[in-house]
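I have placed the structure first, in the form of structure tokens, so that the comments after it can refer back to it.
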Amino acid sequence: MTTTDNGFPATRRLILQGAGVVLLTGLGIHSFSPAAVLAAANDKYPEDAFKQKGAADAIKSLYGRAAEPSDKVKLDAPEIAENGAVVPISVSTTLTEVTSISFLASENPNALAAVYRIPPGTLPNVANRLKMAKTCNVIVIVEAGGKLYSATKEVKVTVGGCGG
Amino acid sequence: MKAPLAIHLASAALALAATAFAAMPSAVAADTPDPVADAKAFRNYFVTKFPNVPLDDFANGPYSLNEDMRRQWEEKEQFPPYEFSLEMGKEMFAKPFKNGKSYGDCFPNQGIGIRQNYPYFDPGEGKVITLELALNRCRGANGEPPLSYVEDEMAALTAYMAFTSRGKPFDIKIPDDPRALEAYQNGKRYFYTRRGQLNFSCATCHVQNPGERMRAEILAPALGILNAMPIYRSEWGGMGTISRRMITCNSQIRGVPLEPQADEYRDLEYYLSYVSNGLPIAGPGARP
Amino acid sequence: MASTIRVRAISGGETTEVQVLIQHPMDSGFVKDAGGEIIPPHFIQELTFEYDGRYVFIADWGAAVSKDPYVKFSFKGGRKGDDLKISWVDNKGETDTTTAKIQ
Amino acid sequence: MSMTRPNTRIVLLAFALTTIGSTSAMAASTETDFKAAYAAAEAANNEAGRLRNQWTVTAEALADAKKAAEKGDFDHAMASARDAEALAKASIFQATSEKEAWKNLEIR
């Protein structure tokens, strides 16, 4: 397995791969809190983006720019959510060099719901289940080749997901 | 939430409308119950009303009647939200009581693959025995305190027992005993009797209006309505037993629910299961 | 204690499809309990998947991911019998990790 | 919603009678009046309970009456107690008439 092109900071990977030193280094790592381990290994959790109210602000906080709609981003979400507490939403795309996929619900108290980081070798298809407070647009942002592409679909919510 | 004025008054006015109702000619004369004919007519009603729904699919409730919801359900079934409950039920079921016995010892075939035979009429007691009741009696017989009929543990146990019985057709028997026939008839009467301030019967929603939206929910058809029990409801964010579902049905129409496993509920379960004979057990299920 | 993480990782030859379901309340902080008190936010913030010493997928989650969250993705490679390590950490610093075999 | 089909005539009739009811309750009520009204409502609700057909709204009206009485607002308490009695009587009527009427809904 090649280890040179995963697109993620190498710290964690090197620890795992250095079989001879794994014990020692491993001990060192485990003395941190788990959050610290992840922070060391990955980009920071985008706390600020998750705190934004509107979708535009969240996208700006996350990526620093806006996205353009693309028919290469296929967003699959129900017409009417059977219950806003559990709305199955998935996305797939034919775009290449995808590095992240984000899900937002425009009218939720905080629009950003989830950000998935896609290293090379992982397919740009994600399915998840989100809460929706009321009828609104689901927006998905695909980051590919350094550009942002989006797809939007309105999902009607008759029983809001704020109870769940 | 306050009732809409019209409904509030319409219901309060029932008493005043006595003459109107009394004057209504009874469409049918009293007769002896005929469960076989009932079940046939019951099934026929639904397959005629929904000619495109395969018979077994009625066990999937509202998902048999609405494509958009069905897709959401199929997505959820890929990794169903009742998975944790099912596992808990499996562990509970296998774990011995303090006396060393376990649930399996209380049931035929060690409790595996038998959900389709419940409820049954017990000639000794002269009453209907549901699976939930049998589970608590099993606990009692082994010196364990009863479980709540509306909480997670009972739901988990019945989920596991249903899971081991998936695909087996409901096989409810009405023995040649006038008390069994009476229990069946009482269940049927409960099903069709209007109650609560909304003046709804079970049938108002689940016979007359399945597939329609009632506020936000799509109503399930009565045929096969117990086959997928117990159910994980997104609305509850958890699992619920048959007892819990019947109680919430009563509350929703503004009726005070009876105590769990009241004779009426046991008889109702007997009736509803009997008329769904032949449809497969599909529990545990996921519902909105 | 049973793991909070359920995994299905299935190799289809060229790619491995991974599905997880995690037992977690994912409280948003916008919901009141029966007594009218706000239930404080309690949700998973980060979920990672490691295969063969590298991350194959990382989820950053907010409070709008459903209770008992679910996610599905696929990555190239992955052999039957190999380990896939999954970890999460929530906003209270609680965490869980499991290692599953690819099937 | 097609399934409720409230009978307009009944609604209007009830509305008229309810209005009369509240008008007569306008005269300042005493604790004694309230206690009698509450007892009557409670008795009717107990009867509904024997028929296995209590309504949740009856219990709510009874609770509301009690709460108002504790605050000394006997006009409000009286009105709620009378509401509760009307609701309880309606539930009794419902249970009684349904002893035969249920058959009209049966699939045959």
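Go through (1) modelled with pLDDT of 95 or more; (2) at the interface with another protein chain (Cβ under 10 Å from one of its Cβ atoms); (3) surrounded by fewer than 23 Cβ atoms within 10 Å (Cβ to Cβ) one by one and return the number of the condition C:W88 breaks.
Result: C:W88 passes all but (3).
Examine the range C:35-43 for a residue that is open to solvent by 10 Å² or more (accessible area, probe 1.4 Å), small (G, A, S) and either at pLDDT below 95 or within 27 Å of A:S106 (Cβ to Cβ) (or both), and state whether such a residue exists.
Scanning the range C:35-43 turns up at least one residue that is open to solvent by 10 Å² or more (accessible area, probe 1.4 Å), small (G, A, S) and either at pLDDT below 95 or within 27 Å of A:S106 (Cβ to Cβ) (or both).
Conditions: (1) assigned to a loop (DSSP other than H, G, I, E, B); (2) at the interface with chain A (Cβ under 9 Å from one of its Cβ atoms). C:P25 meets all but one. Number of the miss?
All conditions are met except number (2).
Quick one: which of B:M161, B:M154 is in contact with a Lys or Arg (Cβ under 7 Å, 6 or more places away or on another chain) and more than 14 Å from chain D (Cβ to nearest Cβ)?
Within the list B:M161, B:M154, the selection yields B:M161.
Confirm whether C:I58 is within 10 Å of the chain's Cα centre (by Cα), farther than 26 Å from A:A105 by Cα and open to solvent by less than 10 Å² (accessible area, probe 1.4 Å).
no
Within the range A:131-160, count every residue that is touching a helix residue (DSSP H, G or I) at 6+ places or on another chain (Cβ under 8 Å), part of a strand (DSSP E or B) and either farther than 22 Å from B:E75 by Cβ or open to solvent by less than 10 Å² (accessible area, probe 1.4 Å) (or both).
Here the count works out to 3.
Check B:E269, B:E264 and return the single one that is open to solvent by less than 10 Å² (accessible area, probe 1.4 Å) and under 15 Å from B:L181 (Cα atoms).
B:E269
Cβ-Cβ below 7 Å, separation at least six or inter-chain, first residue in the range B:138-154 and under 27 Å from B:E83 (Cβ atoms), second assigned to a loop (DSSP other than H, G, I, E, B) and among the aliphatic types (A, V, I, L, M): which pairs?
The qualifying pairs are B:R139/B:L147; B:E153/B:L147; B:M154/B:L147.
Determine whether B:M69 is open to solvent by 40 Å² or more (accessible area, probe 1.4 Å) and not in a loop (DSSP other than H, G, I, E, B).
Criteria not met by B:M69.
Of B:S276, B:S243, which residue is under 15 Å from the mean Cα position of the chain (by Cα), assigned to a loop (DSSP other than H, G, I, E, B) and of a type in the set (S, T, N, Q)?
Among B:S276, B:S243, only B:S276 is under 15 Å from the mean Cα position of the chain (by Cα), assigned to a loop (DSSP other than H, G, I, E, B) and of a type in the set (S, T, N, Q).
Within the range B:75-92, is there a residue that is surrounded by fewer than 16 Cβ atoms within 10 Å (Cβ to Cβ) and within 11 Å of chain A (Cβ to nearest Cβ)?
So far as the range B:75-92 goes, yes, one or more of its residues are surrounded by fewer than 16 Cβ atoms within 10 Å (Cβ to Cβ) and within 11 Å of chain A (Cβ to nearest Cβ).
Within the range C:63-84, can you find the residues that are at the interface with chain A (Cβ under 7 Å from one of its Cβ atoms), more than 13 Å from A:N128 (Cα to Cα) and either of a type in the set (D, E, K, R) or open to solvent by less than 10 Å² (accessible area, probe 1.4 Å) (or both)?
C:F75, C:K76
Would you be able to tell me the number of residues in the range D:43-80 that are under 27 Å from B:T193 (Cα atoms) and more than 14 Å from chain B (Cβ to nearest Cβ)?
Here the count works out to 1.
Of the residues B:E144, B:E132, only one is modelled with pLDDT of 95 or more and within 27 Å of B:N186 (Cα to Cα); which?
Being modelled with pLDDT of 95 or more and within 27 Å of B:N186 (Cα to Cα) holds for just one of B:E144, B:E132, which is B:E132.
Within the bounds of the range C:38-61, is there any residue that is among the β-branched types (V, I, T), assigned to a loop (DSSP other than H, G, I, E, B), in contact with a Lys or Arg (Cβ under 9 Å, 6 or more places away or on another chain) and farther than 22 Å from A:T93 by Cβ?
yes
Listed here are the residues, each with its yes/no results for (1) at pLDDT 95 or above; (2) open to solvent by 30 Å² or more (accessible area, probe 1.4 Å).
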| residue | (1), (2) |
| --- | --- |
| A:V73 | yes, no |
| A:E79 | no, yes |
| A:A85 | no, no |
| A:S92 | yes, yes |
| A:S100 | yes, no |
| A:L104 | yes, no |
| A:A111 | yes, no |
| A:V115 | yes, no |
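Quick check on B:R166: is it under 30 Å from D:S91 (Cα atoms), among the basic types (K, R) and either open to solvent by 20 Å² or more (accessible area, probe 1.4 Å) or at pLDDT below 95 (or both)?
So B:R166 fails the test.
Go through (1) at pLDDT 95 or above; (2) among the polar types (S, T, N, Q); (3) surrounded by 16 or more Cβ atoms within 10 Å (Cβ to Cβ) one by one and return the number of the condition C:T97 breaks.
(3)
Tally up the residues in the range B:247-278 that are at the interface with chain D (Cβ under 10 Å from one of its Cβ atoms) and at positive phi, please.
1
Could you please give the count of residues in the range B:121-162 that are open to solvent by less than 70 Å² (accessible area, probe 1.4 Å) and farther than 26 Å from B:K173 by Cβ?
Residues that pass the stated criteria total 7.
The values are calculated or read from the model by the stated rules, or taken from the named source; none is laboratory data. Everything numeric in this text was worked out from a predicted model, so none of it was measured. Here Cβ is always computed from backbone atoms with ideal geometry, including for glycine, and neighbour counts include all displayed protein chains. Just the protein is used for accessible areas: all its heavy atoms, side chains included, with ligands, DNA and RNA removed. Shrake-Rupley method; radii C 1.70, N 1.55, O 1.52, S 1.80 Å.
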